[in-house]
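K.L.:
Here it is, the structure in full.
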Amino acid sequence: MPKQPQRKPQVEEKKKYDFRKHNPYRMILWFGLFGISSLFVGLVSAFLMSNVGDWQALRPPKAFLASTLILGASSFTMAGAKKAFRMEDRRQFRWMVIGTALLGVAFLVSQTIGWYDLKNSGINIRQSIGGSYLYLISGMHAMHILAGMGFFGWFMAKALRNTDHIGTALFYFTDPNRKLQLDLMAIYWHFMDGIWLFLMIVFLWQFL
């Protein structure tokens, strides 16, 4: 009998990772957050490695501690806004969105008070290397919060307008694009909150 040709074992093809299943806006956001993380890691590394003799004379202003509490509260309201969106709770959603915006403004105000306190205590960029890092690092973080506030203000204006009535709110809460916008805003906001908490831990550990 003629020998039947042996079949070669089929080699399973390696499955290629399909990036198309991920939302491009989420990927852009995460790449941006990676860049922001690299920026602050570089600044903190330079801050810790700098040979400064005035550490003991410096203290983070009390307003910075207040900023930490304010930003933590804003994370709570942002999470509340997401929960209200899922529950389609129109009134709760509106209050949480407004609360997040007000707390964001309060954070920037507290930062400004902190810089004013530093100036009044004689700490400035030209005469104090340690103080210059306080201004630079906290200022860079405030700029990122301000940028986030710009986008959040645009989001809030549309959210309040579209949830003013029960009828329009129904369409708003079932729109996947609105949910995506809120998710992206929440990711950015919680990330910047975490960055500030990390910075405060570094400041307190270095100066106290």
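K.L.:
For residues in the stretch 148-172 being part of a loop (DSSP other than H, G, I, E, B) and free of Cβ contacts under 8 Å to residues at least 40 places away in the same chain, which is surrounded by the most Cβ atoms within 10 Å (Cβ to Cβ)?
P.N.:
The selected residue is ASP164.
K.L.:
Which condition from (1) touching a residue at least 24 places away in the same chain (Cβ under 8 Å); (2) part of a helix (DSSP H, G or I) is the one that PRO60 breaks?
P.N.:
With (1) touching a residue at least 24 places away in the same chain (Cβ under 8 Å); (2) part of a helix (DSSP H, G or I) applied to PRO60, the lone miss is (2).
K.L.:
Considering TYR135, TYR172, TYR188, which residue is of a type in the set (Ser, Thr, Tyr) and within 21 Å of LEU103 (Cβ to Cβ)?
P.N.:
It is TYR188.
K.L.:
Shifting gears a bit: When you scan the stretch 71-94, how many residues do you find that are in contact (Cβ under 8 Å) with a residue 60 or more places away in the chain and within 21 Å of the chain's Cα centre (by Cα)?
P.N.:
11
K.L.:
Could you please tell me which pairs satisfy a Cβ distance under 8 Å, a separation of 6+ or placement on different chains, a first residue in the stretch 128-146 that is touching a residue at least 12 places away in the same chain (Cβ under 8 Å), and a second residue that is of a type in the set (Ser, Thr, Tyr) and not in a helix (DSSP H, G or I)?
P.N.:
ILE129/SER50; GLY130/SER50; TYR133/SER50
K.L.:
Please determine whether any residue of the stretch 26-48 is free of Cβ contacts under 8 Å to residues at least 12 places away in the same chain, aliphatic (A, V, I, L, M) and over 25 Å from TRP205 (Cβ atoms).
P.N.:
yes
K.L.:
Is it the case that LEU184 is closer than 14 Å to TRP30 by Cβ, touching a Phe, Trp or Tyr at 6+ places or on another chain (Cβ under 8 Å) and surrounded by 15 or more Cβ atoms within 10 Å (Cβ to Cβ)?
P.N.:
Judged against the criteria, LEU184 is a match.
K.L.:
Inside the stretch 97-133, can you point out the residues that are surrounded by 17 or more Cβ atoms within 10 Å (Cβ to Cβ) and outside any helix (DSSP H, G or I)?
P.N.:
Answer for the stretch 97-133, where residues must be surrounded by 17 or more Cβ atoms within 10 Å (Cβ to Cβ) and outside any helix (DSSP H, G or I): ILE123, SER128.
K.L.:
Which of the residues belonging to the stretch 106-138 are over 20 Å from MET49 (Cα atoms) and modelled with pLDDT of 90 or more?
P.N.:
ALA106, PHE107, LEU108, VAL109, SER110, GLN111, THR112, ILE113, GLY114, TRP115, TYR116, listed by residue number.
The values are calculated or read from the model by the stated rules, or taken from the named source; none is laboratory data. Being a predicted model, the structure only gives us computed values, none of them experimental. Cβ: placed from backbone, ideal geometry, glycine included. Neighbour counts: every protein chain shown.
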